[in-house]
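So the structure is just underneath, and the comments pick up after that.
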Amino acid sequence: ISMQIQKGQSVDLDIDAMAFGGSGIGRHEGMAVFVDGAVTGDKVQASWTKIKKKFGEARLVKIIKTSPDRVKARCPYSGICGGCHFQYLKYTKQLEIKRQHTIDALERIGKFANPSVAKIIACDDPFYYRNKMEFSFGYDSEMKFALGFHIPGRRFDILDVKECYLESEFAVKILNKTREFAFVKKWLPRKYGPDDSSDVSGFLKSLFVREGKRTGEVMVNLLTSVQVPEGFKKEMEELVEELLELRDTKMKIVSVYWSRKIAKRGQVTKIEEDLIYGKPVFAEKMILANGDELDFEILPQAFFQVNTLQAEKLYSEVLKLAGDDCGTVLDLFCGTGTIGLFLAKHVENVIGVEVNTDSVKMALENARKNKIFNIDFFTGDVADVLKNMKQMPSLVVVDPPRAGLSQKMIESMADLKAKKIIYVSCNPATLARDCEYLGKFGYELKSVQPVDMFPHSYHVENVALMER
């Protein structure tokens, strides 16, 4: 085929499937063609951009026949900013696609016949679900001042956004007020040089807005480079006064930071922080289906699950699968300890392992704050800690990064002979691969529960249970 097709040539395609990553898939003389922005049920005209032996890629030119699953996107920037890939798809259809991606990965990569994949747990409200957003300062394609998002595939252009349906209406008020203030004060966005010591004009980098979905507490953090104009701190205090005048029925700004990023070639990047207003942390709370609660105090740089309310559903599933008859639980890649802390209320003891020292400090602080004492946290590489484990856990909970587990980790984990392994995964492909490998050590895949943590994106989280 590829001999006859030329780049830029037009092709009509019936879209009959969706790829993990959000592209629609059509077929041209038996070859799969990936079209960004097309959905199952569309008939489209597209133009070839890449031609390989077994597949092709094409750019959507126009929709000839519209899929019944298409809806009008709520956001005017949908399809441009890259944040909400699927806003033009019915939410029920998004959920169906994500569950299907999980099944496909388990069958194709994991070689599991008819895997037991439950109905996906939906988000009660697929809008305003995030508790953290980063907006970047810069210039748009016409070199006008902008505060918004990096446009995918364009390294320096910033899309100036005036509305966004991912965090909250209050976050958008903060965004617009900050843009207006910075523009009036002639604060300049930083143009990107090789590092902070290069001679580059401007100093504004990012605006972070974080909020407690359960508490209504909001933290604002303005990130700049080290060199700022004289009198900047005083102007920051003026900005705070204007931000505090913004009103919202549920939300309230409790802290405002000014942070500076110190980046020099060959040195570790550091962040300096000045608390300009309020308290050093904002509070958040998590409540599980069984009524268990945990309180958190979150610092500007601290990691926290981005979707509080869905994380509660995710952790409720982990608790349900763990049951109440566990002795020692090993919590690998434990982050700031949330899963382990919830489990600690129902088991003899928990050992959390995490490579990031800041996360471990935070986990210890979370345990102290919630008066949970049957949990220990260790800083170290998971593979090393597994090698030296003395205690035999009855349950292992693992929540690895997207790349999943190494074979060495799986072998060391299998040596512990835990009765159950609960695998929390943000990548169906590596989940399927790892579960298949665990099967070689006598573990059987019992169930998989997909959870929609990020509506309008192709991402899907899964909780899998494996038993010896």
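The values are calculated or read from the model by the stated rules, or taken from the named source; none is laboratory data. Since the model is a prediction, treat every value here as computed from it, not as a measurement. Cβ atoms come from the backbone with ideal geometry, glycine included; neighbour counts cover every protein chain shown. Heads up: the accessible areas ignore ligands, DNA and RNA and are worked out on the full protein's heavy atoms, side chains in. Shrake-Rupley method; radii C 1.70, N 1.55, O 1.52, S 1.80 Å.
Observations on the structure shown:
- Residue 72 vs. criteria within 26 Å of the chain's Cα centre (by Cα), within 18 Å of residue 454 (Cβ to Cβ) and open to solvent by 60 Å² or more (accessible area, probe 1.4 Å): no
- Among the residues listed as 318, 355, the single one being in contact with a Gly (Cβ under 7 Å, 6 or more places away or on another chain), in contact (Cβ under 8 Å) with a residue 24 or more places away in the chain and not aromatic (Phe, Trp, Tyr): 355
Let's see how each residue does on (1) at pLDDT below 95; (2) of a type in the set (A, V, I, L, M); (3) within 24 Å of the chain's Cα centre (by Cα):
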position	(1), (2), (3)
239	no, yes, no
247	yes, no, no
307	no, no, yes
312	no, no, yes
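- Residues that are among the basic types (Lys, Arg) and touching a residue at least 40 places away in the same chain (Cβ under 8 Å), drawn from region 279-312: 285
- Among residues of region 238-278, those that are of a type in the set (D, E, K, R) and free of Cβ contacts under 8 Å to residues at least 60 places away in the same chain, counted: 10
- Strands (runs of 3 or more DSSP E) contained entirely in region 409-468, each with at least 1 residues that are surrounded by fewer than 19 Cβ atoms within 10 Å (Cβ to Cβ) and not acidic (Asp, Glu): 444-451
- Residue 104 being open to solvent by less than 50 Å² (accessible area, probe 1.4 Å) and of a type in the set (D, E, K, R): no
- As a summary of the residue check, residue 172 satisfies the conditions (1) in contact with a Phe, Trp or Tyr (Cβ under 8 Å, 6 or more places away or on another chain); (2) within 20 Å of residue 82 (Cβ to Cβ); (3) part of a helix (DSSP H, G or I) except for the one numbered (1).
- Any pair with Cβ under 8 angstrom, 6 or more apart, that starts in region 22-37 at a residue that is acidic (Asp, Glu) and ends at one that is assigned to a loop (DSSP other than H, G, I, E, B): 29/1; 36/22; 36/23
- For residue 235, the stated conditions do not hold, so it cannot be described as part of a loop (DSSP other than H, G, I, E, B) and free of Cβ contacts under 8 Å to residues at least 60 places away in the same chain.
- For region 256-275, the set of residues classified as aliphatic (A, V, I, L, M) and closer than 19 Å to residue 358 by Cβ consists of 262, 263, 268, 271, 275, listed by residue number.
- Where residue 19 falls short, out of the listed (1) within 22 Å of residue 153 (Cβ to Cβ); (2) among the aliphatic types (A, V, I, L, M); (3) modelled with pLDDT of 90 or more: (3)
- All positions within region 222-239 that are open to solvent by less than 10 Å² (accessible area, probe 1.4 Å) and either out of contact with any helix residue (DSSP H, G or I) (no Cβ under 9 Å at 6 or more places or on another chain) or small (Gly, Ala, Ser) (or both): 225, 232, 236
- Residue 299 in contact with a helix residue (DSSP H, G or I) (Cβ under 9 Å, 6 or more places away or on another chain), of a type outside the set (Lys, Arg) and open to solvent by less than 50 Å² (accessible area, probe 1.4 Å): no
- In the condition set (1) open to solvent by 80 Å² or more (accessible area, probe 1.4 Å); (2) without any contact (Cβ under 8 Å) to a residue 60 or more places away in the chain, residue 214 is compliant with all but (2).
Results for (1) basic (Lys, Arg); (2) at pLDDT below 95; (3) open to solvent by 50 Å² or more (accessible area, probe 1.4 Å), shown as yes or no for each residue.
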| residue | (1), (2), (3) |
| --- | --- |
| 137 | no, no, no |
| 167 | no, no, no |
| 194 | no, yes, yes |
| 205 | yes, no, no |
| 209 | no, no, no |
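- Cβ-Cβ under 8 Å pairs, at least 6 apart or on other chains, region 396-419 side among the acidic types (Asp, Glu), far side part of a helix (DSSP H, G or I) and buried (at least 20 other Cβ atoms within 10 Å of the Cβ): 399/339; 415/386
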